[in-house]
Amino acid sequence: MTDRTEKPTVQTDPKQTPAPGGTPPVIEIKGLCKTYGELSVLQNVDLTIHAGDVVAVIGPSGSGKSTLLRCLNRLEEPDGGQILFEGQDVLTARDVDGLRARMGMVFQQFNLFDNMTVQKNITFAPVYLRKKAARRAARKRAFRWVVRLFDKGRPPLPPPPSAKSIKADAEAQARALLARTGLSDKADAYPSTLSGGQKQRIAILRALAMRPAVMLFDEPTSALDPEMVGEVLDMIRDLAREGMTMVVVTHEMGFAREVAGRVVFMCDGKIEEQGPPETIFSSPSSPRTARFLEAVLR
């Protein structure tokens, strides 16, 4: 994992921060605000995430952690601020489905379709979105043929993939994902026959099937029995080792300390402190962070 010890412990600068190699951020959050009535859930949150970062977000319940994640892919609509994802403004994006495909999310509950097999759960969204893209490409290609009647210099566009090839590609990808996690024998099973740990691992594979640039995890082990937590955390560890960019809201302090390159502590809708795990857990600069850690680590 990349050394991130030079990053500041306390967030002070909302400006775009280049990565050590000079590349722009994958996600840049500036002054993000969200309210529910008179309750201010997010207050001027600034956060920068680069490719390959594994960021663990910790803090007490009600501190705005889950709301922050849900704002990133517009499951919640912020009331102020800006979110840039791969240089594009998330809050003005017209293709929200495309945005969510590039920013996969795994929830506390598994949210699998009970009437679909495991393989169908994994392939449903990729097939739907790729067929939608193919229809757009077909319309564009038809328009290009009309244009070529008047402009012979325009080259024809290649034909879009067929529905059959899209389905076959998605099914092959699903089989490969299941094989890599040792769940190949569950391809034709239904969610009701799976353990909680298996369901959450399938939920992760479903998000990975969209080939996302970033994975968002909202307390992915909170609904699991204790003996099933390890298998899900092991899967997330593997993704971290492979270089997947991730933001993980978690109450698993040992996991955050071991896997994350940066820990963000939120409290009362604000980022109180952030920095390398060894700094946050061993010598936090904020008294509020220290009180929280003392309570959860005792």
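Relative to the longest principal axis of the C-alpha atoms of the chain, give the angle of the C-alpha long axis of helix 163-180, reported between 0 and 90° and rounded to the nearest 10°.
For 163-180 against the chain, the angle is about 30 degrees.
Angle, helix 196-208 long axis vs. longest principal axis of the chain, Cα atoms, 0 to 90°, nearest 10?
Here the helix axis deviates by roughly 60 degrees.
The range 104-250: D in µm²/s via Stokes-Einstein (Kirkwood Rh, Cα pairs, 20 °C, 1.002 mPa s)?
The diffusion coefficient I find is 126 µm²/s.
Once amide H atoms are placed 1.01 Å from N in the peptide plane, what residues at a sequence separation of 5 or more from VAL57, or on another chain, have their amide H within under 5 Å of its amide H?
VAL248, VAL249, THR250, VAL264
Can you compute the equivalent ellipsoid semi-axes for the chain, i.e. the square root of 5 times each eigenvalue of the Cα gyration tensor, sorted largest first and rounded to whole Å?
The equivalent ellipsoid of the chain has semi-axes of 36, 26, 17 Å.
I want to verify a result. In a Gaussian network model of the chain, Cα cutoff 10 Å, which of these has the top mean-square fluctuation: LYS164, LYS65, LYS120?
Its mean-square fluctuation being the largest, the pick is LYS164.
In nm, to one decimal, how far is the GLN82 label point from the ASP114 one, both placed 7 Å along Cα→Cβ?
Here the modelled spin labels are 4.5 nm apart.
Can you compute the charge dipole magnitude of the chain about its Cα centre, using +1 on each Lys and Arg Cβ and -1 on each Asp and Glu Cβ, nothing else charged? Give it in debye, rounded to the nearest 20.
2020
Can you give the helix-only mean residue ellipticity at 222 nm for the chain, where every DSSP H stretch with n ≥ 4 adds -39500 (n - 2.57) and the sum goes over all residues, rounded to the nearest 500 deg cm²/dmol?
Mean residue ellipticity at 222 nm (helix-derived): -12500 deg cm²/dmol.
Just going by the charge dipole of the chain, with Lys and Arg at +1 and Asp and Glu at -1 on Cβ, which of SER222, PRO212, VAL55 is farthest out on the positive end?
PRO212
Taking all protein chains in place and a 1.4 Å probe, what share, in percent, of the accessible surface of the chain do carbon and sulfur account for?
Using a 1.4 Å probe with all protein chains present, the chain comes out at 52 percent carbon and sulfur.
In Å², and per residue, what accessible area does the chain have when probed at 1.4 Å with the other protein chains present?
For the chain, the solvent-accessible area averages 50 Å² per residue.
The values are calculated or read from the model by the stated rules, or taken from the named source; none is laboratory data. Just so you know, these numbers come straight off a predicted model, no measurement behind them. No Cβ is skipped: glycine too gets one built from the backbone with ideal geometry, and neighbour counts run over all protein chains shown. SASA here: full protein model, heavy atoms, side chains in, ligands and nucleic acids out. Shrake-Rupley method; radii C 1.70, N 1.55, O 1.52, S 1.80 Å.
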